[in-house]
Amino acid sequence: MKKSLIALAVLGSMVGAASAQSSVTLFGGVDLNARYNKGGGKTAKSMGTDGIYSSRWGVRGVEDLGGGLKAGFWLEAAINPDDGTTNARRFWHRRTSVSLMGDFGEVRLGRFLTNQFTAYADFDPFGTNGVGDSSKFIEVLGSGMSSTTRADNIIAYYLPSNLGGFYGSAEVAAGEGRAQLATNPADTTSVEANNKYLGFRLGYAAGPMNVSVAFANSDVDTSNNDYKRTTVSGSYDLGVVKLMGFYQTNKFGARKQNIGLVGASAPLGSGTVRASYMESSLAKQLAVGYIHDLSKRTAVYGTVSRVTNEKGSRIRVAGPTAWRDGLVAGQDNGGVEVGVRHTF
């Protein structure tokens, strides 16, 4: 009897040790706001989402395999908290990945944000969310790319974090023959496309300084033209204010787009003031906002932005689809939003 009790105690301790080596986390957050838009002689009032945070929920986990090696998974879905819907085309829209991590860095496979997106999003004071986001300026230049934010079928390698401030990643996605063209995002059908992607990013972050350079090449159709992107970005934290910005060049065949952003964020009381100015060859944007932290997980915020379009440009701030679709090329527009974000 005593031997049985001892055996059960040892077994119980082994199970406890094994479970301690693994963890699974449920995470996410909801962001909703009251939004007012004006442009093209029309106004719109609506409940907006994702003013400072992309509403989502997901599960992620890590298992300690021993010897410094870990395995991890990540499943993350976008949600529309204003009406309770999710992405219509795919449930785990934001991220689906599995990783092996260790002293060598990380090898990650699946669908997730590309290093070409983070190369500029990390240096946008509005984090590419809400009426002040910068991603709406990026053009695919007729290449047919459905997204410049995420890619499917990625194999990525990330440098370890112990390189004296240097960081970086390399990503490759094999063409699997099908991709949805961006000419009609509402069309859920697919057309033949190569959909190959290759991206590199290298940066250095130490003390108040963070600088980064990134390059990507996407073969999205059967022509000889590839969509190419180069991004140089950086930030410097002066304590009272953090300065940041990026400069990006996008090319497809003979078409070319240059984009520049300068921005700043500064602590103010229990919150943060944010501002940015962005410009391309045919459009400009000025955005200002404030986030007030009620706790580590809850904040209230307000943002205002204005886009000035020249003839032929149709950049539109976040707003109701009907209002956005009603704007024609060359019309200026703007937006104001006041909202609440809560994460868990």
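Annotation: of all residues in segment 236-291 being β-branched (Val, Ile, Thr) and in contact with a helix residue (DSSP H, G or I) (Cβ under 9 Å, 6 or more places away or on another chain), the one that is surrounded by the most Cβ atoms within 10 Å (Cβ to Cβ) is Ile259.
Which ones in segment 314-329 are surrounded by 15 or more Cβ atoms within 10 Å (Cβ to Cβ) and in a loop (DSSP other than H, G, I, E, B)? Listed by number, the residues that qualify are Arg314, Ile315, Arg316, Val317, Ala318, Gly319, Pro320, Gly326, Leu327.
Remark: pairs (first residue in segment 109-126, over 16 Å from Thr96 (Cβ atoms) and free of Cβ contacts under 8 Å to residues at least 60 places away in the same chain; second residue surrounded by fewer than 23 Cβ atoms within 10 Å (Cβ to Cβ) and among the β-branched types (Val, Ile, Thr); Cβ separation under 9 Å; 6+ apart in sequence or on different chains) = Phe117/Thr128; Phe117/Thr148; Phe117/Thr149; Ala121/Thr128; Ala121/Thr149. A single member of Gly29, Gly48 is modelled with pLDDT of 95 or more and in contact with a Ser or Thr (Cβ under 9 Å, 6 or more places away or on another chain), and it is Gly29. Take Gly130 and tell me if it is touching a Lys or Arg at 6+ places or on another chain (Cβ under 7 Å) and at pLDDT 95 or above. The answer is no for Gly130. Exactly one residue out of Asn225, Asn217, Asn250 is under 22 Å from Ala173 (Cα atoms), in contact with a strand residue (DSSP E or B) (Cβ under 8 Å, 6 or more places away or on another chain) and not in a strand (DSSP E or B), and it is Asn225.
Is it the case that some residue within segment 50-63 is assigned to a strand (DSSP E or B), of a type in the set (Phe, Trp, Tyr) and surrounded by fewer than 21 Cβ atoms within 10 Å (Cβ to Cβ)? Within segment 50-63 (the criterion being assigned to a strand (DSSP E or B), of a type in the set (Phe, Trp, Tyr) and surrounded by fewer than 21 Cβ atoms within 10 Å (Cβ to Cβ)), the answer is yes, since at least one residue qualifies.
For Ser313, the requirement of being free of Cβ contacts under 8 Å to residues at least 12 places away in the same chain and more than 21 Å from the chain's Cα centre (by Cα) is not met. Of the set (1) surrounded by 15 or more Cβ atoms within 10 Å (Cβ to Cβ); (2) in contact (Cβ under 8 Å) with a residue 60 or more places away in the chain; (3) closer than 27 Å to Lys42 by Cβ, all apply to Gly302 but (2).
For segment 147-158, a residue qualifies if it is crowded, with 20+ Cβ neighbours inside 10 Å and assigned to a loop (DSSP other than H, G, I, E, B), and exactly one does: Thr148. Could you please give the count of residues in segment 97-114 that are among the polar types (S, T, N, Q) and either surrounded by fewer than 21 Cβ atoms within 10 Å (Cβ to Cβ) or farther than 29 Å from Gly335 by Cβ (or both)? Residues that pass the stated criteria total 2. Output yes when any residue across segment 193-205 is modelled with pLDDT under 90, loosely packed, with under 15 Cβ neighbours inside 10 Å and over 21 Å from Met244 (Cβ atoms), and no when none is. The answer is no; no qualifying residue exists.
In segment 298-311 there is no residue that is of a type in the set (A, V, I, L, M), in contact with a helix residue (DSSP H, G or I) (Cβ under 6 Å, 6 or more places away or on another chain), part of a strand (DSSP E or B) and modelled with pLDDT of 95 or more. For segment 159-177, the candidate set comprises residues that are in a strand (DSSP E or B) and in contact with a Ser or Thr (Cβ under 8 Å, 6 or more places away or on another chain); within that set, the residue that is nearest to Val107 (Cα to Cα) is Glu171. Restricting attention to segment 226-270, and to residues there that are touching an Asp or Glu at 6+ places or on another chain (Cβ under 6 Å) and at pLDDT 95 or above, which single residue is nearest to Val213 (Cα to Cα)? This residue is Gly260.
The values are calculated or read from the model by the stated rules, or taken from the named source; none is laboratory data. Model, not experiment: these values are computed from the prediction. Cβ coordinates were reconstructed from backbone atoms using ideal geometry, including for glycine residues, and neighbour counts include every protein chain displayed.
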